[in-house]
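In what follows, a structure is listed as C-alpha cells, so that the remarks can point back to it.
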Amino acid sequence: MTDDFFAVVGRQRAHRAFTAEPVTDAFVARLLEAATYAPSAENRQPWEFVVVREPSLRARIGEITERAWTGLGRSFSETRLTPGLLADVDAGATGGVAAAPVLIVVCADTERGLAITAPSSVFPAIQNLLLAATALGLGSALTTIATGGPDLADALGLPDHVLPLAVVPIGHPARPLGPPRRDPFTAHTHRDRYGTPW
C-alpha cells in the first residue's frame, strides 16, 4: 500500500494540455473528498471549491489568466524559467488551462478561518487534490496567476469573505509526461543545524 503512495508522489507533475475527453462527476468528487482530508489551522477546514465546467465561464477564467500572464507574469518569468518551461507555462496560460474540461477554483472562507492562515490551510488540500488526480490518471496543475485581482472573484460571484487562492485545471493529459525533475533531498537537507550535511 505504501509503495502505491510513493509511486503517485513520484509521478505527480503539472499538466497544462488536456484532451477534450470529459471528466466525470464521480472522479471530481473523489478529488474533492481527498482534498478535504488535508490538515488545516484549528481544523477549521476553510476551503471552498468552485467546480467550473461551463464553457463560457472557463473561457472567461482563461481570459483572466492570459491577461495576468501577458500583462506582467511572462516578463517576470522570462529571466527565471528555462526556455522549455517558459514555453510550457506560456502555452498553459494562453489557452491550455482554459481548455481543461474542468477548472476547480480553490478558495478560502475567512469566516471559517483566519485570513492569515488561509494559505497554510488551503494549500495542503490542493496538494491532496493534485495527488488524487495523479492517482486517477488525470492531469492537473496548480495555478495562481488569475487570483491576483478582483476579476476571478467577480466572475464566480464570490462574497467578500471568500478568497480565491488557486485555479486547478483537471483533465485527461494530452500527452504523457515523464517523472518530475527534482534535486535529491540531500541537496537541501541539514542535520541538526543549517550547513551540516544530511
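General observations
- Some residue of the range 139-152 being assigned to a loop (DSSP other than H, G, I, E, B), closer than 15 Å to GLN12 by Cα and among the hydrophobic types (A, V, I, L, M, F, W, C): yes
- Odd one out for VAL50 among (1) farther than 24 Å from PRO176 by Cα; (2) touching a residue at least 12 places away in the same chain (Cβ under 8 Å); (3) surrounded by fewer than 18 Cβ atoms within 10 Å (Cβ to Cβ): (3)
- Looking only at the range 12-27, and only at residues there that are crowded, with 16+ Cβ neighbours inside 10 Å and out of contact with any strand residue (DSSP E or B) (no Cβ under 6 Å at 6 or more places or on another chain), the one that is nearest to THR134 (Cα to Cα): GLN12
Residues checked against (1) modelled with pLDDT of 95 or more; (2) under 29 Å from ALA87 (Cβ atoms); (3) not in a helix (DSSP H, G or I):
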{"residue": "ALA20", "(1), (2), (3)": "no, yes, yes"}
{"residue": "ALA29", "(1), (2), (3)": "yes, no, no"}
{"residue": "ALA38", "(1), (2), (3)": "yes, no, yes"}
{"residue": "ARG58", "(1), (2), (3)": "yes, yes, no"}
{"residue": "ILE61", "(1), (2), (3)": "yes, yes, no"}
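- Checking THR65 against (1) of a type in the set (Ser, Thr, Tyr); (2) in a loop (DSSP other than H, G, I, E, B); (3) surrounded by 16 or more Cβ atoms within 10 Å (Cβ to Cβ), the condition it does not meet: (2)
- Cβ-Cβ under 9 Å pairs, at least 6 apart or on other chains, the range 174-187 side closer than 24 Å to ALA98 by Cα and charged (D, E, K, R), far side in a helix (DSSP H, G or I) and modelled with pLDDT under 95: none
The values are calculated or read from the model by the stated rules, or taken from the named source; none is laboratory data. Note that this is a predicted model, so its numbers are computed, not measured. Cβ: placed from backbone, ideal geometry, glycine included. Neighbour counts: every protein chain shown.
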